[in-house]
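*Asks:* Before I ask anything, let me first share the structure, which is written out below as structure tokens.
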Amino acid sequence: MAEFIFIDTQQKLVEAAEEWQELKEIAVDLECENQLHYYGSFLCLVQLSSRSKNWVIDVLAVPDLG
């Protein structure tokens, strides 16, 4: 079973990005919140996966991503 890593700080994001640079392939899944009361939607969660790990990024908690 693949390991899950939750990213909710800038430091955790930087550490994960260093690891992603070493990967040859990575899958990406984006989750958006659709607001029914106004036009548009916003990104709220990103999941990246390699063959052995999964990273879940809380976009709303990490500065400069929300």
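*Asks:* Scan the stretch 1-16 for residues that are modelled with pLDDT under 95 and assigned to a loop (DSSP other than H, G, I, E, B) and report the count.
*Replies:* The number of residues fulfilling the criteria is 2.
Here is a yes/no grid of residues against (1) loosely packed, with under 12 Cβ neighbours inside 10 Å; (2) at pLDDT 95 or above; (3) at positive phi; (4) touching a Leu at 6+ places or on another chain (Cβ under 6 Å):
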{"site": "E19", "(1), (2), (3), (4)": "no, yes, no, no"}
{"site": "V28", "(1), (2), (3), (4)": "yes, yes, no, yes"}
{"site": "Y39", "(1), (2), (3), (4)": "yes, no, no, no"}
{"site": "L48", "(1), (2), (3), (4)": "no, yes, no, no"}
{"site": "N54", "(1), (2), (3), (4)": "no, yes, no, no"}
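The values are calculated or read from the model by the stated rules, or taken from the named source; none is laboratory data. These numbers were taken from a predicted model, which means no experiment stands behind them. Backbone-built Cβ (ideal geometry, glycine too); neighbour counts: all protein chains shown.
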